[in-house]
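Heads up: the structure comes next, in structure tokens.
The values are calculated or read from the model by the stated rules, or taken from the named source; none is laboratory data. Small disclaimer: the values here were computed from a predicted structure and weren't measured. Cβ coordinates were reconstructed from backbone atoms using ideal geometry, including for glycine residues, and neighbour counts include every protein chain displayed. For the accessible areas, the whole protein counts, side chains as well, though only heavy atoms, and no ligand, DNA or RNA atoms are used. Shrake-Rupley method; radii C 1.70, N 1.55, O 1.52, S 1.80 Å.
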Amino acid sequence: MFTRKKPWRLLQRASAATATIALAAVVAACGSDGGSSTGSGASPAAGGATSGSSVDLSGVSLKIGYQTADFPALLKASGLFEDTPYKFQIPIIAGPANQLAALYGKQIDVGQTGENTAAFEAANAATPWAENAAPIQGFAVTWTPDAPYLSAVYATRSSGIRSLADLRGKKIGFNYGGNIYAEYVIALQKSGLGLKDVRGVQFPSNQAAANAFLAGSLDAVVTSYSLVKKLVDSKDAVEIADMASLGLIGGSGWIARTDVLKNPTKLAAIKDFYGRLRTFYEKWIPTHEAEYVKVLVDQVGQKPDVAQVNWENARHSTFYRIGDPKFLRIQQVTVDAAFEYGGLKTDVAPKLGFNYTTVLDSVTTGPAS
């Protein structure tokens, strides 16, 4: 289930077949039946974005990949996506690497990864991407700056790890492609450790890494608190460093093929979807604790205490502005660290219009101040 190959070598082997299996496994069709559209935005009640022009979206169908099954179930419970003037599906594809494989294979239009994935992909490209010719671009980032339970580096108490420096020689689990990998490489950088100083074990998904940690196969893991809550609460595991202490945003990134973003009708539909999503994160989740927890317990099978933790985090969700200069500075620091560590092929500077785009900033964060 895991490999110790360099991440960029593993990614080169990510196949469309893997993504096809994941796509076939769970496809949540949450969209409307279509119908005619008299605008590219959602109704004001839904909080969607309006572009100010009339665009017929009745023939548009979006496939928006997500990594866990809670997302489509929660969107349906919110009622904010029932009247979309386009059709959409949310295939569940575990792990950022598989999301990318599905994206490149044109099996999805949009994928959910980490906020740094677009930067990682540019640095890992087999052939350097020319500016203004990136095949995929990051266009939105959700983050939880005030969340009480950030993803972190956790270690078993029996491992003797009490600080980042103690990771030397230890077996550490992580998954490649998103913010977990970013946290992993930054943790190594801050501890002064290199590739040969630890026994890194790469898993296909965050859940898989957490499961190995729970099973006692790892000394440490980079993962979400909710996935290892049992060990942490029993004090059999301890938190070593979290996203905030490592200087990372720790956001969930949304990435799309450039050809999708350049398609006027698909872009209009995406703007509508993310306008609604902003309302979902910023207004619906904070005011619907019971409904949120019930969905996670009844439909996703989470234990009530875990579902409660996830709501406590999710109620702080909001979008981070891609055009904020600080955003790109953080991505550059992360890429530099990953390259120095040996996990990226090249060191590349993220540039707007290159591997990130601000085309949705006005929808997800409002007009520039």
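The residues V185, V55, sorted by heavy-atom accessible surface at 1.4 Å with ligands and nucleic acids left out, run V55, V185 from largest to smallest. Its Cα centre serving as origin, the stretch 244-314 has a Cβ charge dipole (Lys and Arg +1, Asp and Glu -1) of approximately 440 debye. Okay, which of the stretch 174-216 sit inside 20 Å, backbone N to the point 7 Å along the Cα-Cβ direction of K303? Flagged as within label range: 206-216. Once all protein chains are placed together, V297 keeps about 50 Å² accessible to a 1.4 angstrom probe. Listed values for the stretch 135-143 are Karplus-derived 3J(HN,Hα) couplings in whole Hz (6.51 cos²θ - 1.76 cosθ + 1.60, θ = phi - 60°), namely x, 9, 9, x, 10, 7, 9, 9, 8, and x replaces Gly and Pro. Using the Karplus relation 6.51 cos²θ - 1.76 cosθ + 1.60 with θ = phi - 60°, the per-residue 3J(HN,Hα) values for the stretch 198-214 come to 10, 10, x, 10, 8, 10, x, 8, 4, 4, 5, 5, 4, 4, 5, 5, 5 Hz, with x marking Gly and Pro.
Among N98, W143, G251, whose Cα sits farthest toward the positive end of the charge dipole of the chain (+1 at Cβ of Lys/Arg, -1 at Cβ of Asp/Glu, about the Cα centre)? About the Cα centre, the residue reaching furthest to the positive side is N98.
Computed over protein heavy atoms with a 1.4 Å probe, the accessible surface of the chain works out to 41 Å² per residue. Site pair A290 and E312 shows an inter-label distance of 2.1 nm when each label is modelled 7 Å from Cα along Cα→Cβ. The stretch 239-297 and the stretch 118-141 have their alpha-carbon centroids 21 Å apart. Each peptide among 169-181, 66-78 gets the average number of other Cβ atoms lying within 10 Å of its residues, and from highest to lowest they stand as 169-181, 66-78. For the peptides 229-235, 287-293, the ranking by packing is 287-293, 229-235, with the highest mean count of neighbouring Cβ atoms within 10 Å listed first. Relative contact order for the chain: 25 percent, from Cα pairs under 8 Å spaced at least 6 residues apart, divided by residue count.
Distance between the modelled labels on T127 and S234, one decimal in nanometres: 5.3 nm (7 Å Cα→Cβ projection). Element breakdown for the chain at a 1.4 angstrom probe: carbon and sulfur atoms account for 51% of the accessible area. When the stretch 210-369 is described by a simple charge dipole with +1 on each Lys and Arg Cβ and -1 on each Asp and Glu Cβ, the residue from L214, L344, V238 located farthest towards its positive end is L344. Rounded to the nearest 20 debye, the dipole size of the chain about its Cα centre is 1020 debye, using +1 on the Cβ of Lys and Arg and -1 on the Cβ of Asp and Glu. The calculated 222 nm mean residue ellipticity attributable to helices in the chain amounts to -10500 deg cm²/dmol, summing -39500 (n - 2.57) over DSSP H runs of n ≥ 4 and dividing by all residues. Give the relative contact order (percent, whole number) for the stretch 112-208; include only Cα pairs under 8 Å separated by 6+ residues. It rounds to 32 percent for the stretch 112-208.
Across Q299, Q202, Q331, mean-square fluctuation computed from a Gaussian network of the chain (C-alpha pairs under 10 Å connected) peaks at Q299. Nearest 5 is fine: what % of DSSP beta bridges in the chain come out antiparallel, could you say? Rounded to the nearest five, the antiparallel share is 65 percent. The phi torsions of the stretch 187-192, fed into the Karplus equation with coefficients 6.51, -1.76 and 1.60 and a -60° offset, translate into couplings of 4, 5, 4, 5, 8, x Hz, rounded to whole numbers, with Gly and Pro shown as x.
For the chain, the longest principal axis of the C-alpha atoms and the axis of helix 289-298 are separated by about 70°.
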